[in-house]
Amino acid sequence: MVYLATNEMMGETMSECIFCKIARRELQSQIVREDDQAVAFRDANPQAPTHILVIPKRHISSLAEASEQDGELLGHLLLMTCQIAQEQNLESNYRVVINNGAGAGQSVFHIHLHLLGGRTFHWPPG
Ligand code: AMP
């Protein structure tokens with residue numbers, strides 16, 4: 001499988017992936033929402049008063065590794081993020097971020113959406 005090879009290049013296998021472990025509940029996290037395809041939990045190092053990560057349960061290492069067949073899942077993650085923003089009373093003022101690649105700030109190679117809210121955001125981001 002192509003994505004396994006990519007993770008091995010990153011020095012990490014799926015069994016070691018910390019977000020896979022969170023999805024399997026082998027690693028403790030503050031889960032705010034879960035369904036059959038995805039899990040959302042609070043970021044351990046929040047960059048805003050509300051900072052939640054939304055991940056698929058299935059391991060995809062990055063946005064660049066997603067394929068055409070992942071389209072429905074990616075849409076599901078976006079809509080779940082929007083629902084959580086409403087539940088967290090972020091109104092319409094929040095930011096959704098995907099860092100792709102180490103050069104863009106990705107540090108965990110399991111695709112995740114950052115939901116950030118509760119403060120003012122600037123553009124362009126740093
Ligand atoms: P990124 O840099 O875009 O890959 O984002 C990874 C995010 O995961 C960072 O914001 C980290 O603070 C967060 N993070 C890393 N480990 C954990 C963990 N065990 N539980 C919750 N958040 C984590």
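All of the numbers you see were taken from the coordinates with simple rules; none came from a lab. Treat the numbers as computed from the prediction; the structure is a model and nothing was measured. Cβ placement follows ideal geometry from the backbone for every residue including glycine, while neighbour counts extend to all protein chains displayed.
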Q) How large is ³J(HN,Hα), in whole Hz, for each residue of the range 118-126 in order, when computed from phi with the Karplus curve 6.51 cos²θ - 1.76 cosθ + 1.60 and θ = phi - 60°, using x for Gly and Pro? A) x, 8, 7, 10, 10, 9, x, x, x
(Q) Using Cβ contacts closer than 10 Å as the measure, can you line up HIS51, HIS110, HIS122 from fewest to most? (A) HIS122, HIS51, HIS110
Q: Go ahead and run the numbers for FRET between SER67 and THR13, Cβ-Cβ distance against an R0 of 25 Å, rounding to 0.05.
A: 0.80
Q) Between SER107 and LEU79, what is the label-to-label distance in nm when each label sits 7 Å out along the Cα-to-Cβ direction? A) 3.3
Q. If the convex hull of the alpha-carbon atoms of the chain is projected onto planes in all directions, what is the mean projected area in square nanometres?
A. 8.0
Q | In the range 61-102, GluC sites (Glu not before Pro) in a DSSP loop with at most 12 other beta-carbon atoms within 10 Å | A | GLU91
Q.
So, R0 is 35 Å and r is the distance between the beta-carbons of SER92 and GLU34; what FRET efficiency does that work out to, to 0.05?
A. 0.90
Q: Could you list the chymotrypsin sites (Phe, Trp or Tyr not before Pro) in the range 64-126 that lie in coil according to DSSP, counting only those with at most 14 other Cβ atoms within 10 Å of their Cβ?
A: PHE121
Q) Summing -39500 (n - 2.57) over the DSSP H runs of n ≥ 4 in the chain and dividing by its residue number, what mean residue ellipticity at 222 nm do you reach, to the nearest 500 deg cm²/dmol? A) -7500 deg cm²/dmol
Q: Any chance you could give the angle, 0 to 90 degrees and rounded to 10, that helix 71-87 forms with the longest Cα principal axis of the chain?
A: 30
Q. What is the magnitude of the charge dipole of the chain about its Cα centre, with +1 placed on the Cβ of each Lys and Arg, -1 on the Cβ of each Asp and Glu, and no other charges, expressed in debye to the nearest 20?
A. 380
Q) Lone cysteines in the chain, going by a 4.7 Å Cβ-Cβ cut-off? A) CYS82
Q: Starting from the Cα of GLU26, step 7 Å along the direction of its Cβ; do the same at ASN45; then give the gap between the two resulting points in nm.
A: 2.3
